[in-house]
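**Student:** Supplied in structure tokens, the structure appears directly below.
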Amino acid sequence: MLDEYKESQQIVYKVLNNAIQQERISHAYLFETNGYKDAKKVAIAFAKSLFCPNKYTNNEKCNQCMQCTNIDKNNFIELKIIEPDGMWIKKEQVDELQKEFCMKSVASNKKIYIIDHADQLNASSANTILKFLEEPNENIVAILLTENAYQMLETILSRCQIISFRKKRNALDDDMMQKVSFYLEIPDIIDTEEKMLEKMEIIEKFVKTLENRKEDTLLFSQRLWHEQISGKEMNQFAFDIMIYIYRDMLAFKLHTTPFLFSQSFLDELAQKNTIKQINQKLKIINELKENIKYNANIALLLDKLIIELSDV
């Protein structure tokens, strides 16, 4: 149940547990998983607590009621889990969900649906879900899971409470921290390794979104960048991290040892770029970074960065 994730996902646990105890449940949640492999299990654990009349979040109190047992067996009528059928989540799957959820609840006063890999909703199914979210029923709760929230339609994002999971640190992270500290000028505001990792993850997410969404990233620049990166030093640091992402990508393409970032991250991005494109993007980032020294307007500078990188 939910308490099992109290330590591994402290912020997520606190947000969800407070919502349960204070009975302030949103009609729709979007779980941004960030590679956390147990995110779907957290969604199911959260659903158990929402169904529970006593708002239990652990097994010690619950002692495995029939309701939770049926959920574990994927046999609880008021909980529906949708996953991609092949490459996409199809409109027929969403139509079936709507049909079932129009019926009166039998085993609970709530109905909950979980959409795993929600970024794989095709255009038709995404629009159908959007209509479902636009007319929320107070007894229906939606939980959408996606690796990166900014792969979703902005209209869907605006109707969900976004909850971001903490990326699990691995054995390479400590070595990565030493390299970052050695090669880059770290702003004074970043006084712990935890803060450094957090800022690096922000830039990773920005680059990943930019490579996938191109000019559409302009719609998300406030949340992806400006709300989290501020000040001249921090913006210079952010541009430096971006430069090293593309340098690592180049090293990956040339089959040399990557510098800072994971091979799985680099592999995904490298498939979208030729060596020539990576070099062009590095040139653009380096040139625009120089403008920060002269107190350029960061918002305009970032917009220009997004547009020019998208055109490569």
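**Student:** Compute a Gaussian network model of the chain, connecting alpha carbons closer than 10 Å, and tell me which residue from Ser49, Ser264, Ser108 fluctuates the most.
**Tutor:** The residue with the greatest mean-square fluctuation here is Ser264.
**Student:** What translational diffusion coefficient, to the nearest whole µm²/s, does the stretch 75-169 have by Stokes-Einstein, given a Kirkwood radius computed over alpha-carbon pairs, a temperature of 20 °C and 1.002 mPa s viscosity?
**Tutor:** After rounding, the answer is 154 µm²/s.
**Student:** Something else: Bins of 5 Å, beginning at zero and ending with the bin holding the largest distance: percent of Cα pairs per bin for the stretch 182-312, please.
**Tutor:** Calculated P(r), rounded to whole percents: 2, 10, 22, 25, 22, 14, 5, 1.
**Student:** Hey, another quick one. Whole number in Å², please: accessible area per residue of the stretch 129-171, 1.4 Å probe, ligands, DNA and RNA not counted.
**Tutor:** 50
**Student:** While we're looking at this one, here's another question. So how far apart, in nm, are the two label points at Thr155 and Arg24 if each is 7 Å from Cα heading toward Cβ?
**Tutor:** 2.9
**Student:** Here's another thing I want to ask about it. At a probe size of 1.4 Å, how large is the accessible area of Thr256, to the nearest 10 Å²?
**Tutor:** 80
**Student:** Shifting gears a bit: How much accessible area does Tyr13 have with a 1.4 Å probe, in Å² rounded to the nearest 10?
**Tutor:** About 30 Å², ignoring ligands and nucleic acids.
**Student:** Say a site is exposed when it is one of the trypsin sites (Lys or Arg not before Pro), sits in a DSSP loop, and has at most 14 other Cβ atoms within 10 Å; what is then the longest site-free stretch of the chain?
**Tutor:** 170-271
**Student:** Nearest 500 deg cm²/dmol is fine: what mean residue ellipticity at 222 nm does the chain get from its DSSP H runs of n ≥ 4 alone, each adding -39,500 (n - 2.57), divided by its residue count?
**Tutor:** Details: 13 runs with 159 residues, N = 312.
Here the helix-only value at 222 nm equals -16000 deg cm²/dmol.
**Student:** Grab the alpha carbons of the stretch 1-43, take their convex hull, and tell me the volume per residue in Å³.
**Tutor:** Roughly 73 Å³ of hull volume per residue.
**Student:** Using only the alpha carbons of the stretch 1-98, determine the length spanned along each of the three principal axes and report them from longest to shortest in whole angstroms.
**Tutor:** Between the extreme Cα coordinates on each principal axis of the stretch 1-98 lie 39, 31, 24 Å.
**Student:** Okay, moving on. Where q = 0.21, 0.27, 0.29, 0.30 Å⁻¹, what log10 of I(q)/I(0) comes from the Debye formula for the stretch 66-115, counting one point per Cα?
**Tutor:** The Debye formula, applied to the Cα set alone, gives -0.78, -1.08, -1.15, -1.18.
**Student:** OK, next. Cross-link partners among lysines for Lys91, C-alpha distance below 21 Å, same-chain residues fewer than 8 apart left out?
**Tutor:** Lys80, Lys99, Lys111, Lys131
**Student:** Averaged over all directions, how much area does the convex hull of the C-alpha atoms of the chain cover when projected, in nm²?
**Tutor:** The orientation-averaged projected area of the Cα hull of the chain comes to 17.7 nm².
**Student:** Return the subset of Lys205/Lys281; Lys232/Lys283; Lys205/Lys289; Lys41/Lys253; Lys14/Lys104; Lys214/Lys276 for which the Cα-Cα distance in this structure is over 26 Å, preserving the input order.
**Tutor:** As for pairs spanning more than 26 Å Cα to Cα, those are Lys41/Lys253; Lys14/Lys104.
**Student:** Further question on the same structure: In Å, what Kirkwood hydrodynamic radius results for the stretch 266-312 from the alpha-carbon pair distances?
**Tutor:** Evaluated over the stretch 266-312, this radius sits at 11.5 Å.
**Student:** Shifting gears a bit: Show me the three semi-axes of the equivalent ellipsoid for the stretch 201-247, from the C-alpha gyration tensor (sqrt of 5 times each eigenvalue), largest first, rounded to whole Å.
**Tutor:** 17, 14, 7
**Student:** For the stretch 216-275, how big is Rg over Rh, using alpha carbon atoms and the Kirkwood form of Rh?
**Tutor:** Result: Rg/Rh = 1.05.
**Student:** Distance between Cα centroids, the stretch 266-284 to the stretch 120-162: provide it in whole Å.
**Tutor:** 31
**Student:** Tell me the carbon and sulfur percent of the accessible area for the chain, rounded to whole percent, probe radius 1.4 Å.
**Tutor:** Reported share for carbon and sulfur atoms: 48 percent.
**Student:** OK, next. Heavy atoms of the protein only, probe of 1.4 Å, neighbouring chains included. What is the accessible area of Ile298 in Å², nearest 10?
**Tutor:** 40
**Student:** Mind ranking Glu138, Glu92, Glu83 by accessible surface for me, highest first, 1.4 Å probe?
**Tutor:** On the way: Glu138 165, Glu92 125, Glu83 80 Å².
The most accessible residue leads, giving Glu138, Glu92, Glu83.
**Student:** Top mean-square fluctuation among Gln21, Gln271, Gln120, Gaussian network model of the chain, C-alpha springs under 10 Å?
**Tutor:** Gln271
The values are calculated or read from the model by the stated rules, or taken from the named source; none is laboratory data. Keep in mind that this is a model prediction, so the values were computed, not measured. Neighbour counts run over all protein chains shown; Cβ positions are idealised from the backbone, glycine included. Areas reflect the complete protein model, heavy atoms only, side chains present, ligands, DNA and RNA absent. Shrake-Rupley method; radii C 1.70, N 1.55, O 1.52, S 1.80 Å.
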